[in-house]
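The values are calculated or read from the model by the stated rules, or taken from the named source; none is laboratory data. As the structure is a computational prediction, the values presented were derived from the model and not from experiment. Here the Cβ positions follow ideal geometry from the backbone for every residue, glycine too, while neighbour counts run over all protein chains shown. Calculation scope for accessible area: heavy atoms of the full protein, side chains included, ligands and nucleic acids excluded. Shrake-Rupley method; radii C 1.70, N 1.55, O 1.52, S 1.80 Å.
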Amino acid sequence: MARLGELERAVMEVLWAHDGPVSVRAVHAALDDRGLAYTTVMTVLTRLANKNVVKRTRQGRAWLYEPAAGREAYVADLMLEALELSGDRGSALVHFARSVSSDEADALTRALDHAHRRAGDGVGPGDRAAPSHPPQDPDTPRQPRPPHGQRGEDP
């Protein structure tokens with residue numbers, strides 16, 4: 001998903017605040033305090049549709065717009081995009097994990113537990129025994145790990 005500029009984010013905020021498709025006129029009215037021209041809002045919505053950030057449907061002569069994904073999904077895509085910029089996703093994740101609050105870390109742990117259970121292994125990160133070795137410092141180069149099943153583990 002594409003990164004958004006300030007005006008695009010403002011338009012998306014309007015769309016995320018509605019439960020269904022919204023007309024250009026309604027978005028323009030919601031952004032009235034910005035003094036934008038109607039055509040500017042229409043152009044921004046068209047660009048967002050071309051980037052697949054919003055979906056548009058025709059209703060009579062007008063287009064109606066709605067987000068292609070919720071705000072949380074959009075932010076998650078941005079986070080994944082940022083991880084792709086890293087030369088070492090694991091280190092980037094460790095740095096990120098060190099920067100979150102306790103409540104955010106708990107939310108991540110619950111999400112990872114759920115993802116592991118959904119994947120069918122029935123074991124989440126919170127269920128695993130503590131490793132017998134200290135965690136690797138993210139600033140220390142890592143040795144490549146052999147593929148799963150070649151470390152003496154059960155497949």
- Item | Complete set of residues in segment 63-78 that are exposed (fewer than 13 other Cβ atoms within 10 Å of the Cβ) and either not in a helix (DSSP H, G or I) or not hydrophobic (A, V, I, L, M, F, W, C) (or both) | Gly70, Glu72
- Would you say Ala115 is open to solvent by less than 60 Å² (accessible area, probe 1.4 Å), within 18 Å of the chain's Cα centre (by Cα), free of Cβ contacts under 8 Å to residues at least 40 places away in the same chain and within 30 Å of Val11 (Cβ to Cβ)? no
- Item | Selection count, segment 23-78, where residues are among the aromatic types (Phe, Trp, Tyr) and within 16 Å of the chain's Cα centre (by Cα) | 1
- Pair list, Cβ < 7 Å and 6+ apart or interchain, from segment 78-104 residues that are touching a residue at least 24 places away in the same chain (Cβ under 8 Å) and at positive phi to residues that are polar (S, T, N, Q) and open to solvent by 50 Å² or more (accessible area, probe 1.4 Å): none
- Message: Taking the condition of being open to solvent by 50 Å² or more (accessible area, probe 1.4 Å) and more than 11 Å from the chain's Cα centre (by Cα), how many residues in segment 79-100 meet it?
- Response: 11
- Task: Scan segment 27-42 residue by residue and report those that are open to solvent by less than 40 Å² (accessible area, probe 1.4 Å) and either closer than 19 Å to Arg71 by Cβ or modelled with pLDDT under 95 (or both).
- Result: Val27, Leu31
- Neighbours by Cβ (under 9 Å, 6+ apart or cross-chain): first from segment 30-58, within 15 Å of Arg9 (Cα to Cα) and in a loop (DSSP other than H, G, I, E, B); second open to solvent by 80 Å² or more (accessible area, probe 1.4 Å) and acidic (Asp, Glu): none
